[in-house]
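Okay, structure first, notes after.
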Amino acid sequence: MARSLLRAAVVAAAALAPSLALAHPGHGDAFGFAAGVGHPVGGLDHVLAMVLAGVFAYQLGGKAIWAVPAAFLGVMAVGGALGMAGVALPFVETGIALSIVVLGAAVALGVKAPVAAAMALVGVFAVFHGFAHGAEAPDTAAGAAYA
């Protein structure tokens with residue numbers, strides 16, 4: 001019973017999540033480490049993606065518990081570097097929204113994927129999340145501290 005309620009809640013959150021990806025305000029006066037931490041923690045779209053990646057990894061078990069979140073963080077850093085470098089990446093907000101829908105569905109449906117496939121899946125979405133952080137980093141953010 002509790003598991004079916006959890007699945008229903010995750011599916012409902014995923015269905016409502018695409019509009020949340022459009023909630024990236026400007027970060028005009030951001031500076032340093034606190035602003036860099038505040039961006040992903042302050043945006044519900046990023047929090048949902050991080051939590052869903054973690055729950056997905058937990059459901060897979062074994063080495064996925066550390067490998068899937070590590071892939072998300074590593075690829076997100078690459079995406080952030082691309083964003084800071086000014087590289088163009090289309091459909092960023094769509095990619096962020098899809099990350100919540102797809103990872104939410106994977107969690108809700110209890111998808112059992114090979115670890116490498118799960119790492120690739122979260123990695124694709126992590127590029128968009130990282131890019132959003134990097135591209136939206138203000139000039140006053142003190143690069144390395146913000147990252």
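Per-structure values
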| quantity | calculated |
| --- | --- |
| Qualifying residue in region 93-114 (condition: open to solvent by 50 Å² or more (accessible area, probe 1.4 Å), out of contact with any His (no Cβ under 8 Å at 6 or more places or on another chain) and among the small types (G, A, S)) | no |
| Matching entry among F56, F91, F128, F72 (being of a type outside the set (A, V, I, L, M), at pLDDT 95 or above and in contact with a Ser or Thr (Cβ under 9 Å, 6 or more places away or on another chain)) | F128 |
| Matching entry among M119, M50 (being at pLDDT below 95, open to solvent by 40 Å² or more (accessible area, probe 1.4 Å) and of a type outside the set (G, A, S)) | M50 |
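The values are calculated or read from the model by the stated rules, or taken from the named source; none is laboratory data. Owing to the predicted nature of the structure, the values given are computational and were not obtained by experimental measurement. Cβ atoms come from the backbone with ideal geometry, glycine included; neighbour counts cover every protein chain shown. For the accessible areas, the whole protein counts, side chains as well, though only heavy atoms, and no ligand, DNA or RNA atoms are used. Shrake-Rupley method; radii C 1.70, N 1.55, O 1.52, S 1.80 Å.
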